[in-house]
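The values are calculated or read from the model by the stated rules, or taken from the named source; none is laboratory data. Given the structure is predicted, the values throughout are model-derived calculations rather than measurements. For neighbour counting, all protein chains shown are included, and Cβ atoms are generated from backbone atoms with ideal geometry for every residue, glycine included.
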Amino acid sequence: MSSQPSGAPEMWLRRYRPSSTAAARLVCLPHAGGSASFFVPVAASLSPHTDVVAVQYPGRQDRRAERPIPDIAVLAQHVHRLLSPMTDLPLFLFGHSMGASLAFEVARLLEASGHPGPARVFASGRRAPSVYREERVHQLDDNGLLAEIRSLDGTSALVLNDDELMRAALPALRADYQAAELYQGEPGATIKAPVTVLTGDADPKTSLDDAKAWADHTTGDFDLQVFPGGHFFLTDQTAAVMRLLEQQLRG
């Protein structure tokens, strides 16, 4: 895992359902250990009205040879650089878990740099930037880290039961957990973009109060949507989440 991350847009940004007639663009930012392909169902559901772009972080799948980035701020700088020229359509950001923290920091950079900021940020399955909790999963040994991943039910059984595949993913998993666990939002940081928070009512990682605290980080509208399920409620509530996204993207 020695090569530096590539700066080529095609390495970072994936379109699974390209659309030439889209009226909006939704950029999706994966969870810790996640990949762009997690959002294939989103692209299938929202195309062709929405140009769904999924971000592929270094260190996984076809980017496995690249060094993963264990820092939300550095990831945000990369994503901001790639999104800054994409001003032809209204831009929406959707991040799940670690991706929600990243979406917030990308939105801050876009607004601060004078580029059109996002029309809305969707923060899913993640406590607000101001809520810091001492967590050190990234410091566990390999078996401990794998046990944590299995406990969240966010990975398919086929992958979970493939020990070789899971262990090959460990460097990216550990880097992502380090990025997520060490992230602390700047005190008082806000964005102008409205924020919609999505959370599972049984999420062991994000309490309802943690989710409500996102309201302190926007000077725009705030909307909280609670779904049945745990940390990966998205996989069980896909249809309901897609209805919500479609409504707010068109609105």
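Name the residue that is modelled with the lowest pLDDT, counting only residues in the range 120-154 that are surrounded by 19 or more Cβ atoms within 10 Å (Cβ to Cβ) and in a loop (DSSP other than H, G, I, E, B).
154
Inside the range 185-200, can you point out the residues that are assigned to a loop (DSSP other than H, G, I, E, B) and more than 16 Å from the chain's Cα centre (by Cα)?
The answer is 186, 187, 188, 189, 190, 192, 193, 194.
If you check every pair at least six apart or on different chains, which have Cβ atoms under 6 Å apart with a residue in the range 223-251 that is in contact (Cβ under 8 Å) with a residue 40 or more places away in the chain first and a residue that is in a helix (DSSP H, G or I) and among the polar types (S, T, N, Q) second?
Close Cβ pairs (under 6 Å, with a partner that is in a helix (DSSP H, G or I) and among the polar types (S, T, N, Q)) amount to 242/45.
Can you tell me which residue among 95, 99, 59, 125 is in contact (Cβ under 8 Å) with a residue 12 or more places away in the chain, over 30 Å from residue 194 (Cβ atoms) and small (Gly, Ala, Ser)?
After ruling out the rest, the residue left standing is 59.
Looking at (1) crowded, with 22+ Cβ neighbours inside 10 Å; (2) of a type outside the set (A, V, I, L, M); (3) under 20 Å from residue 242 (Cα atoms), find the lone condition where residue 214 falls short.
Every listed condition holds for residue 214 apart from (3).
Being modelled with pLDDT under 95 and aliphatic (A, V, I, L, M), is that true of even one residue in the range 26-41?
So far as the range 26-41 goes, yes, one or more of its residues are modelled with pLDDT under 95 and aliphatic (A, V, I, L, M).
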